[in-house]
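All remarks here apply to the structure that follows.
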Amino acid sequence: MASVDELLDALIKDCKKPEDIVGENGLLKQLTKRVLERAMQVEMTDHLGYEKHSPDGNNSGNSRNGTYKKTVKGEFGSLEVTVPRDRNGSFDPLILPKGQSRFTGFDDKIISMYAR
């Protein structure tokens, strides 16, 4: 497996100017979006108790039920993320709770999720 430094080098090798990293559609914003969406998918798996497409979910009483778009604002500007939902409507992501439109303290939220 590649080290974190090797992954970062691969990500920024094509960045020629600062806007490519921190601009409106820069690498940092793209990474934030992907990390948020992936974290919510992992939270959904934990909430349901089985992996996506697992036969354990058949007739379980609750299952994945698509996604919805949510716009959040933070230090990086506005960002549209895809939030998973479940059939019972009981899934409330910890990293980006329902009703929250401002996203602050990204590092603190990631650390607190791993602490649990």
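The values are calculated or read from the model by the stated rules, or taken from the named source; none is laboratory data. Since the structure is predicted, the reported quantities are computational estimates derived from the model, not experimental observations. For neighbour counting, all protein chains shown are included, and Cβ atoms are generated from backbone atoms with ideal geometry for every residue, glycine included. Quick note on the areas: whole protein, heavy atoms, side chains included, nothing else; ligands and nucleic acids left out. Shrake-Rupley method; radii C 1.70, N 1.55, O 1.52, S 1.80 Å.
A few notes on this one:
- Among residues that are out of contact with any Ser or Thr (no Cβ under 9 Å at 6 or more places or on another chain) and exposed (fewer than 12 other Cβ atoms within 10 Å of the Cβ), Gly99 is included.
- In segment 44-66, of all residues being assigned to a helix (DSSP H, G or I), out of contact with any Gly (no Cβ under 8 Å at 6 or more places or on another chain) and not polar (S, T, N, Q), the one that is modelled with the lowest pLDDT corresponds to Gly57.
- Taking (1) open to solvent by less than 60 Å² (accessible area, probe 1.4 Å); (2) of a type outside the set (Val, Ile, Thr); (3) at positive phi in turn, Tyr50 satisfies each apart from (3).
- Residue in segment 15-33 that is open to solvent by 50 Å² or more (accessible area, probe 1.4 Å), part of a helix (DSSP H, G or I), touching a residue at least 12 places away in the same chain (Cβ under 8 Å) and over 22 Å from Arg102 (Cα atoms) present: no
- For segment 74-93, the criterion of a residue being assigned to a loop (DSSP other than H, G, I, E, B), open to solvent by 60 Å² or more (accessible area, probe 1.4 Å), out of contact with any helix residue (DSSP H, G or I) (no Cβ under 9 Å at 6 or more places or on another chain) and not small (Gly, Ala, Ser) is satisfied by at least one position.
- Taken together, Gly57, Gly66 contain a single residue that is touching a helix residue (DSSP H, G or I) at 6+ places or on another chain (Cβ under 8 Å) and open to solvent by less than 60 Å² (accessible area, probe 1.4 Å), which is Gly57.
- Segment 1-14: number of residues that are of a type in the set (Gly, Ala, Ser) and part of a helix (DSSP H, G or I): 1
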